Amino acid sequence: MPVTPQDMYESMVVSNRGSYCFGQNGLLLGMLRGLGYRAYAAAGRVLVPPPPPAPPSAPPVYSAPHHLVLLVQPHNPSSPLGNVTYMVDVGFGGTGPVRPILLADGSASNQQRTADDGELDEECVTNGGWVWGTYPPERHRLVCGALPGSSLETRLGSGRAPARDWHLQVSHASVRPSSASAPSASAKPEWTTLYSFTEAEFFQADIDAASFAVSYMSGSIFLTSVICTRRFHVALQCAEDEEEVRLREDEGGHDATTQARSVSGDSLAGGAPGPFVGKWNLEGGRATKRIGRGVVQERTFTTESERLAILKDVFGVGVRPEDEQWIVGWPAALQPNTLT
């Protein structure tokens, strides 16, 4: 599909059609630039889960640079924070980020701190933190590191690759000791990498080529599946969720996007946490509505006409009954064993 900002405006805004990261983030890039923000696109590599029965010690495998993120400088250029950059991604879906994240290392040893008056201090330019994900306890952060298997070295014979890549990580660990997802109650690491990216600019020609590759490359999820996500605002559902937010807020370690007003007077978000969102996900023969970990509703389908009806009625996609013909013969077409 064409993924220029102009094409995506006609497709997504005028015709209510969908897209993947190249179209969604590409459209947002055009909008941000049109509003006067300094912004550019960068390429990402998605961490590919090893096929079962791979052992936990299996080395991580990253995709080709087939994901797109945005780097934005939203503050007043003449302010002391004019060069502070944020990563924005509206096209990853699933457990991807839903808020801007300060482009700074958010590992526990390098968390962002603020001045006593709650305003950003100079350390915020280099020290990161975390932001809330879709719904507690989900959080996101960026950490700086090298890609596994890199042939580069910091110096000859060191065996250490330079930390030139950013890694987006997600955590579903609860801060509540009684929770089954508390770090002490699980053998899994607290943070999991979703993808990596560099700060090198990815131009429209690069975006066009990568979009073509994921549309036609054998094994691509966009060739073999129809997937769709729609998010919606929700309030915290129970006292446990409110406690989770309160304990995390008291703990600190926030990214600048959810706390602190900059010295220039700019603010990306209010002091209150959230807003939080639930999500509808469609993949295979199911559409599932979730709020946090809980499944609120599930709908199944076995025919293309049923899938089109759900895409239109539940996800708001501007499809028509006659669009069923375009999936015939493609790997993403529903098969008899889709639900199994």
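Some values worked out for this structure:
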{"read-out": "Selection count, region 1-43, where residues are part of a loop (DSSP other than H, G, I, E, B), small (Gly, Ala, Ser) and surrounded by fewer than 16 Cβ atoms within 10 Å (Cβ to Cβ)", "value": "2"}
{"read-out": "Selection within region 216-266 - open to solvent by 70 Å² or more (accessible area, probe 1.4 Å), at pLDDT below 90, in contact with a strand residue (DSSP E or B) (Cβ under 8 Å, 6 or more places away or on another chain) and of a type outside the set (Val, Ile, Thr)", "value": "ARG261"}
{"read-out": "Complete set of residues in region 49-69 that are more than 11 Å from the chain's Cα centre (by Cα) and in a strand (DSSP E or B)", "value": "VAL61, TYR62"}
{"read-out": "Tally of residues being in a loop (DSSP other than H, G, I, E, B) and modelled with pLDDT of 85 or more across region 149-194", "value": "21"}
{"read-out": "Verdict on PHE203 being open to solvent by 70 Å² or more (accessible area, probe 1.4 Å) and in contact (Cβ under 8 Å) with a residue 40 or more places away in the chain", "value": "yes"}
{"read-out": "Only listed residue being over 15 Å from the mean Cα position of the chain (by Cα), crowded, with 17+ Cβ neighbours inside 10 Å and of a type in the set (A, V, I, L, M, F, W, C), chosen from VAL84, VAL88, VAL46", "value": "VAL84"}
{"read-out": "Boolean, ALA213 is assigned to a helix (DSSP H, G or I), modelled with pLDDT of 95 or more and small (Gly, Ala, Ser)", "value": "no"}
{"read-out": "Considering residues of region 110-148 that are within 15 Å of HIS167 (Cα to Cα) and among the small types (Gly, Ala, Ser) only, the residue modelled with the lowest pLDDT", "value": "GLY128"}
{"read-out": "Condition check for TYR135: of a type outside the set (Gly, Ala, Ser), touching a residue at least 60 places away in the same chain (Cβ under 8 Å) and touching a Lys or Arg at 6+ places or on another chain (Cβ under 8 Å)", "value": "no"}
{"read-out": "Residue within region 59-69 that is closer than 12 Å to TYR195 by Cβ, surrounded by 15 or more Cβ atoms within 10 Å (Cβ to Cβ), among the polar types (S, T, N, Q) and touching a residue at least 12 places away in the same chain (Cβ under 8 Å) present", "value": "yes"}
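The values are calculated or read from the model by the stated rules, or taken from the named source; none is laboratory data. Note that the structure is predicted; figures quoted are calculated from it, not measured. When we count neighbours, we look across all protein chains shown, and the Cβ atoms used for this are built from the backbone with ideal geometry, even at glycine. Please note that ligands, DNA and RNA were not included when accessible areas were found on the heavy atoms of the full protein model with its side chains. Shrake-Rupley method; radii C 1.70, N 1.55, O 1.52, S 1.80 Å.
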